[in-house]
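Accompanying notes for the structure given below.
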Amino acid sequence: PIDNEPLLEIREVTRRFGALVAVDKVSFSIRKGEIFGIAGPNGSGKSTLFNVITGIPFPPSEGEVLLSGKPIHRLRPHQISRAGVLRTFQKDAEFATLSARENVYASAVYCGQMSPAEAKDAAEQALDDVSLAGERRAKAASDLSVFERKQLMIASAIAGRPKVLLLDEPAAGLTKPEVSGLSDLIHTVHGRGITIVLIEHVLPLLLKTSEHLMVLNQGAVIASGKPEEVVRKPEVVAAYLGK
Ligand code: ADP
Ligand code: MG
C-alpha cells in the first residue's frame, strides 16, 4: 500500500572527496508527514548528505536517492527541487539586496513553478504563515534581523511548495527564546503537510521536534531510532565527547 512506501529513500549513499569518505554508505527512509532529525558532531557529513540528496552542488559518488519510489539522484538540481525536494543552507542564502517579499516570490516562481499572479498570492500567504510583519516585507533581506531572516528562509521554502524540506542547522545563531520561536515555525511548515528533515549538531531543538533521530559520525550512521533513546546510547555520547 502506498501509505507505507517511504516518501524519500536514501540507499547506500557515499560521497568521497579524494581519499576522504565524507558520507559512507548511508541508508535511511523517511515517511510522508514525518519530522526526521539528523544529528552528529561537526564534520560528520550532515551537510554533505543534504548536498548529494539535492544535487547542490554535487551528486553522490555511489548509491541511490528515491522520491516516492522514483530515482532522483541522476536529475539536475533544478529538477530535484521542482520534483519537491527543497533545502535550506547553513549560511544565509537569500538574495541580500532583494526585499523579503521579492525573495519569497522568486522561490514560488522558480521552485513552485507558479505564474506571476499565483506566486504573488503564495508569497503573501507564506509571509503570513511565518508572521513576518507587514512593514518588514519591503525591507532588503540584508536589513532583517537574524530571526527575521529565519522567518524569510522558512517562508521561501513554503512558497516553493516542497514535498520534503531539508533544514540545515536552522537554529544556528539564535538565542534560546528564538530557538523556541523557530520550533513553532517548523511546526507551521509541518502543519502545511510538508515532510521535514532537520539537521542540528546541538540536540535540544531535535529532541523537541523530531519523531525519529539518526546520528552520523565520520560519515556513517551510528544510531537511529526514538530520539530520547538514541541520545542515551554510549556510542552517541562518545561521538559527542569527541573521543
Ligand atoms: P557537517 O555538516 O556534519 O559538519 P560536512 O558534511 O560539512 O559536515 O563535512 C563532512 C566532511 O567532508 C568534512 O571533513 C569536510 O571537511 C569534508 N567536505 C565537505 N565538503 C567538502 C568539499 N566540497 N570538498 C572537500 N571536502 C569536503
Ligand atoms: Mg554542516
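Return yes or no: is Gly173 more than 13 Å from the chain's Cα centre (by Cα), touching a residue at least 12 places away in the same chain (Cβ under 8 Å) and more than 23 Å from Asn51 (Cβ to Cβ)? Here the answer is no, as Gly173 does not meet what is asked. Got a number for residues in the stretch 68-85 being modelled with pLDDT of 95 or more and in contact with a Cys (Cβ under 6 Å, 6 or more places away or on another chain)? Looking only at that region, the number is 0. Considering only residues that are in contact with a helix residue (DSSP H, G or I) (Cβ under 6 Å, 6 or more places away or on another chain) and not charged (D, E, K, R), look in the stretch 206-215 and name the one that is nearest to Leu144 (Cα to Cα). Out of the qualifying residues, it is Thr209.
Here is a yes/no grid of residues against (1) under 30 Å from Ala119 (Cβ atoms); (2) of a type in the set (A, V, I, L, M); (3) within 16 Å of ligand 2 (Cβ to nearest atom):
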residue	(1), (2), (3)
Leu165	yes, yes, no
Thr175	no, no, no
Ser180	no, no, no
Ile196	yes, yes, no
Glu228	no, no, no
Ala238	no, yes, no
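Restricted to the stretch 36-77, and to residues there that are of a type in the set (D, E, K, R) and in contact with a Gly (Cβ under 7 Å, 6 or more places away or on another chain), the residue that is farthest from Ala172 (Cα to Cα) is Arg76. All conditions in (1) at pLDDT below 95; (2) within 15 Å of ligand 2 (Cβ to nearest atom); (3) over 15 Å from the mean Cα position of the chain (by Cα); (4) not β-branched (Val, Ile, Thr) hold for Phe17, with the sole exception of (1). Is it the case that Ala157 is under 30 Å from Gly40 (Cα atoms) and at pLDDT below 95? Considered against the rule, which asks whether it is under 30 Å from Gly40 (Cα atoms) and at pLDDT below 95, Ala157 comes out as yes.
The values are calculated or read from the model by the stated rules, or taken from the named source; none is laboratory data. On a predicted model such as this, the values are computed, not experimentally measured, just so you know. Glycine also receives a Cβ, built like all others from the backbone with ideal geometry; neighbour counts cover every protein chain displayed.
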